[in-house]
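S.K.: Dropping the structure in here first, questions after.
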Amino acid sequence: MTADARPAAQPQPPKDRATPPLTERQEARRRRILHASAQLASRGGFEAVQMREVAEAAGVALGTLYRYFPSKIHLLVATMQDQLQHLHTTLRKRPPAGDDAAQRVAETLMRAFRALQREPHLADAMVRALTFADRSVSPEVDTVSRLTTAIILDAMGLEHPTPEQLSAVRVIEHTWHSALITWLSGRASIAQVKIDIETVCRLIDLTEGSGATPWRGQ
């Protein structure tokens, strides 16, 4: 068995029951696990995140870790979710400047990119996990997508976007993710990423006046 293999005797939660909310103690344990995952990934990337090492760093039993996160991929996607939640909170405290929605979204995504740029090993680990994720990780991947959408919509200043605007947001998300991958692989410079992000954000201009409700915070 490899360090990341799930123990054969590990029980699976019933699929027909809603997962109960975590207690305060359980949430604190989960936070320690995510912190340990991020620290290991920051130092050594995807390969450095081994489940046994994460458990030791977080001060939990290996079986406990698997109850929270069934695999390394689940753990790293959840780590990305945690990083995006932190970014979302920061952006709400210091919203982007800009004369129009396209400029604000471009600035927001470049701020997110620069945050990942400061931790390239962590960024690579999280992106690789998203790439490797199968259907079993769909809930976590969907949460990452929803958070990214919420960050973009906040920058646009919209509370109830139209289908056309949501379509534009999806294209922007795809472009940002692709730009991140090409930068991590050394196939795109930071300057090129900025150009690509600013270019795709102009799609927002095509959706203006389509009947969306402005965000109350604007």
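The values are calculated or read from the model by the stated rules, or taken from the named source; none is laboratory data. Keep in mind that what you see is a predicted model, and the values were worked out from it rather than measured. Neighbour counts run over all protein chains shown; Cβ positions are idealised from the backbone, glycine included. Only protein heavy atoms, including side chains, enter the accessible area calculation; ligands, DNA and RNA are left aside. Shrake-Rupley method; radii C 1.70, N 1.55, O 1.52, S 1.80 Å.
S.K.: Could you pull the Cα extents of the stretch 59-106 along its three principal axes, largest to smallest, in whole Å?
M.R.: Each principal axis gives a Cα extent; for the stretch 59-106 these are 52, 18, 10 Å.
S.K.: Estimate the FRET efficiency between Glu198 and Ser167 by the formula 1/(1 + (r/R0)^6), using the beta-carbon distance for r and 22 Å for R0, to the nearest 0.05.
M.R.: 0.70
S.K.: Just to be sure I understand the model, the point goes 7 Å from the Cα along the line to the Cβ. What's the resulting Glu53 to Thr131 distance in nm?
M.R.: So the label points at Glu53 and Thr131 sit 2.0 nm apart.
S.K.: So between Lys93 and Ser189, what do we pick up on full extension, going 0.36 nm a residue minus the alpha carbon distance? The partial results should precede the final answer.
M.R.: Details: separation 96, 0.36 × 96 = 34.56 nm, distance 2.92 nm.
Contour length minus Cα-Cα distance gives 31.6 nm.
S.K.: Right, something else. Any idea what diffusion coefficient the chain gets from Stokes-Einstein, in µm²/s, Kirkwood Rh on alpha carbon pairs, 10 °C, 1.306 mPa s?
M.R.: On the way: Rh = 18.6 Å.
Diffusion coefficient, whole number: 85 µm²/s.
S.K.: Let me ask something additional. Quick check: the angle from helix 24-44's long axis to the longest principal axis of the chain, C-alpha only, nearest 10 degrees?
M.R.: Taking the Cα atoms of the chain, the angle to 24-44 is about 80 degrees.
S.K.: Ignoring ligands, DNA and RNA, what accessible area per residue does the chain give at 1.4 Å, in Å²?
M.R.: Computed with neighbouring chains in place, this is 56 Å² per residue.
S.K.: Next up: For a quick check, take a GNM of the chain with Cα springs below 10 Å and name the residue from Phe132, Phe69, Phe113 with the largest mean-square fluctuation.
M.R.: So, out of Phe132, Phe69, Phe113, the one fluctuating most is Phe132.
S.K.: Under 5 Å between amide H atoms, partner at least 5 residues away or on a different chain: which partners does Glu159 have, H built in plane at 1.01 Å?
M.R.: It is Thr213, Trp215, by chain and number.
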